[in-house]
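The values are calculated or read from the model by the stated rules, or taken from the named source; none is laboratory data. On a predicted model such as this, the values are computed, not experimentally measured, just so you know. Cβ coordinates were reconstructed from backbone atoms using ideal geometry, including for glycine residues, and neighbour counts include every protein chain displayed. Quick note on the areas: whole protein, heavy atoms, side chains included, nothing else; ligands and nucleic acids left out. Shrake-Rupley method; radii C 1.70, N 1.55, O 1.52, S 1.80 Å.
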Amino acid sequence: MVMSRQTTVYEAADWPSHGGQAASLLKRFGLPADHMVDDVSANLNPLGPPEWVASWLVARFGGLSRYPSPDYAAARQAIAAHNGVQPAQVLLTNGGAEAIFLAAALHAGGRALLLAPSFGEYARACSAHRLETTEHVLPAPHFACEVADLLEKAASADVVFLCRPNNPTGTLIPIDAVETLLAHTQTTGTQVVVDEAFIDLSIDVELLTPLLKRYCHLVLLRSMTKFYTLPGLRLGYVLASENIVATMSHHQPPWSVNHLAAELVAPLLADSEFARLTQQWLASEQPRMGKALQTLGLEVVPSHSCFFLVRPGVLQREHGVTSADLFERMLYKGLLARHTHSFKGLEGSWLRLALRDESANNRLLKVLHDCLC
């Protein structure tokens, strides 16, 4: 199990901070721009976008000559009905990233508690709004979050950012643990922001939406980008109390969401067949791939979502195989994994692999097998 190619060494700052950045990585590893690559670095629904979206967008192209509705009433109404809340509890955003920055803006100059490893945009948003951050590091290799360990740190923070399921680990904080945290922070005046960007691409997950009725300091962030495979269009939203949504809206630039994206919300949410097929795919491929990756000898973090955090297993590491080796060898064989140099607490020692359809997943397993043998 020895890699034949000498692994290239780069500093963490040299790596792109998000997935889906094939061009820069191909150049960095000396591969031609037309090197064929299947991307398993970005966590997107392989069934999307829904087939009707392209023609729908073309038919509404004329709407680009008009300003969007400033309050996005139709989109907010559709989201509210879909989630069982009131429209005043919904804020439409330019993707999940804007929702994160707006949540941080509520506590500008304050203190935030972040988990690590987790999505890097929480730290960026806090930095942009001058929040002092404390990190609670989740221990490898299971990266479980023991809520009891959070309570004392949360009490001294103005806001806690959680990701459920967590990116990049795929792990899930149970709903009873979240409620324990909410009950505690209700007495300390600490806001709890839960990023649920992958909640629609997850299995065995209880929704936190019902808790909004009991905990007015809970803020839920959602993304429509990943479920509907529309990363170039940017769609997200916030679910929170009416007061929080109203305050957040004051920090949002006017017409933050473009006309086409806003108008697309209602028909996307109405496409129940697309949602059914997605859940069918996930229920089949997610457990199958988890077992198959373990069979290859990889160490696999138990995941609730559409991606897996992996690294070479103990025996493979004893033979000198590192995640850096595996990343580079996979790239040469035409598969782009997600490096973890930009995730604090991982520092490149793991790889994140996104699920695709059955055929693409089988190719991933074949390439991994070849790279590890």
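General remarks:
- Cut-off under 5 Å, modelled amide H: who pairs with A116 long-range: H136, V137, L138
- Rounded if a/c under 1.5, otherwise prolate or oblate - the stretch 164-260, Cα gyration tensor axes: oblate
- Modelled label positions at A140 and S272, each set 7 Å beyond Cα in the direction of Cβ, lie 4.5 nm from each other.
- Close amide-amide hydrogen proximity is noted between C163 and D195, each under 5 Å apart and 5 or more residues distant or on a separate chain (H modeled in the peptide plane; Pro and chain starts excluded).
- Amide proton proximity set for Q191, modelled H, under 5 Å, gap of 5+: V159, V160
- Counting only protein chain heavy atoms and rolling a 1.4 Å probe, the accessible areas of T229, T190, T247 rank, largest first, as T247, T229, T190.
- A 1.4 Å probe run over the chain, with the rest of the protein chains in place, finds 44 Å² accessible per residue.
- Radius 14 Å from Cβ of F101, net charge of other residues (Lys, Arg +1; Asp, Glu -1): 0
- Positive-end residue, the stretch 242-303 charge dipole about Cα centroid, Cβ charges, pick of Q280, P253, P302: P302
- Surface composition of the chain: carbon plus sulfur atoms hold 54% of the accessible area, using a 1.4 angstrom probe and ignoring ligands, DNA and RNA.
- Checking (1) 1.42; (2) 1.05; (3) 1.00 against Cα Rg over 2.2 N^0.38 Å calculated from these atoms, the matching label is (3).
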